[in-house]
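A.B. asks: One structure is given below, represented as structure tokens, and several questions about it will come after.
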Amino acid sequence: MHKSWKEYLTKEFNKPYFSELSEFLKEAYETQTIYPPKSQVFSAFATDLREVKVVIIGQDPYHGPRQAHGLAFSVSENVAVPPSLENIFKEIHADTGAPIPNNGNLKRWAEQGVLLLNNTLTVEAHKAGSHCGRGWEQFTNAMIKILNEDLEGLVFLLWGRDARSKKTFIDEEKHLVLEAAHPSPLSAYNGFFGCRHFSRANEYLKAQGKKEIEW
């Protein structure tokens, strides 16, 4: 993780809820198949806190083999692009004209200041939502509060019910909040397709004199 997060993360790591979460995860990694690998759980925080421009909040990591690597919605180059990410790429293409990538690794976004943060940072194999309610949500809420308070002019992209519940921690006078349905095939046609979040995010960044994201 980037050193800019160290102070904030250390503060959370020392809280009782995180100690309980750590004990749960220690046993889970020893006895079950958990994603992502331990070394990649905090990959989202490799993005310099001071350079964050856009925040995308996912639900929990992909729960299939070799998919999750610590960035919300992202998979490694050699892994098939999941349906939700396919729909994200389709919307980007329709919105901005950008070509659809040949792989699903979103590290290129993270390097431009897009924080790809899941609500829950770990999951048991083949069991979506299995680590909900264990403390990750409190951790994620704390990170969103930090972003909200310490930075100005961020774009928060909230897709789906879980992500939209985070709106309560965001000051809309300081930041742009864009909401839509989740890009899952089950809901993408209920408001994700056509949301134009990617061009709207760039318009907002440009108006503030910030470099736009190359989606």
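The values are calculated or read from the model by the stated rules, or taken from the named source; none is laboratory data. Because the structure is predicted, anything quoted here is derived from the model rather than measured. Heads up, the Cβs are rebuilt from the backbone with ideal geometry, glycines too, and the neighbour counts pull from every protein chain shown. Note: areas computed on protein heavy atoms with side chains; ligands, DNA, RNA excluded. Shrake-Rupley method; radii C 1.70, N 1.55, O 1.52, S 1.80 Å.
A.B. asks: Among the residues of the range 204-212, are any buried (at least 18 other Cβ atoms within 10 Å of the Cβ), in a loop (DSSP other than H, G, I, E, B) and either modelled with pLDDT of 95 or more or not polar (S, T, N, Q) (or both)?
C.D. replies: Looking through the range 204-212, none of the residues is buried (at least 18 other Cβ atoms within 10 Å of the Cβ), in a loop (DSSP other than H, G, I, E, B) and either modelled with pLDDT of 95 or more or not polar (S, T, N, Q) (or both).
A.B. asks: Oh, and also: I need the full set of residues from the range 1-30 which are under 13 Å from Gln138 (Cβ atoms), of a type in the set (Asp, Glu) and open to solvent by 60 Å² or more (accessible area, probe 1.4 Å), in order please.
C.D. replies: If the condition is that a residue be under 13 Å from Gln138 (Cβ atoms), of a type in the set (Asp, Glu) and open to solvent by 60 Å² or more (accessible area, probe 1.4 Å), then Glu20 is the only one that fits.
A.B. asks: In the range 134-167, what residues are within 16 Å of Phe18 (Cβ to Cβ) and either among the charged types (D, E, K, R) or open to solvent by 70 Å² or more (accessible area, probe 1.4 Å) (or both)?
C.D. replies: Once the filter is applied, which keeps residues that are within 16 Å of Phe18 (Cβ to Cβ) and either among the charged types (D, E, K, R) or open to solvent by 70 Å² or more (accessible area, probe 1.4 Å) (or both), the range 134-167 yields Arg134, Glu137, Gln138, Lys145.
A.B. asks: Of all residues in the range 84-108, which are open to solvent by less than 30 Å² (accessible area, probe 1.4 Å) and farther than 20 Å from Ser184 by Cα?
C.D. replies: Ala98
A.B. asks: Restricting the first residue to the range 203-215 and requiring it to be under 13 Å from Leu176 (Cα atoms), which pairs with a second residue that is buried (at least 16 other Cβ atoms within 10 Å of the Cβ) and among the aliphatic types (A, V, I, L, M) meet a Cβ separation below 6 Å and a spacing of at least six or different chains?
C.D. replies: From residues that are under 13 Å from Leu176 (Cα atoms), the pairs are Tyr204/Val155; Tyr204/Leu176.
A.B. asks: Look at Val81 and say whether it is free of Cβ contacts under 8 Å to residues at least 24 places away in the same chain, surrounded by 16 or more Cβ atoms within 10 Å (Cβ to Cβ) and β-branched (Val, Ile, Thr).
C.D. replies: yes
Rundown of residues vs (1) part of a loop (DSSP other than H, G, I, E, B); (2) in contact with a helix residue (DSSP H, G or I) (Cβ under 9 Å, 6 or more places away or on another chain), yes/no style:
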residue	(1), (2)
His63	yes, no
Gln67	yes, no
Leu85	no, no
Asp95	no, yes
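A.B. asks: Additional query: For the range 97-112, which positions are in contact (Cβ under 8 Å) with a residue 40 or more places away in the chain and part of a helix (DSSP H, G or I)?
C.D. replies: Arg108, Trp109, Ala110
A.B. asks: Turning to a different aspect of this structure: Between residues in the range 1-21 that are on the phi < 0 side of the Ramachandran plot and of a type outside the set (A, V, I, L, M, F, W, C) and residues that are part of a loop (DSSP other than H, G, I, E, B) and open to solvent by less than 100 Å² (accessible area, probe 1.4 Å), which pairs lie under 6 Å by C-beta distance while being six or more apart or on different chains?
C.D. replies: His2/Asp48; Ser4/Asp48; Tyr17/Gly135
A.B. asks: Let me ask you something else. If you scan the range 173-190, which residues turn out to be farther than 26 Å from Glu149 by Cα, assigned to a loop (DSSP other than H, G, I, E, B) and more than 19 Å from the chain's Cα centre (by Cα)?
C.D. replies: Leu186
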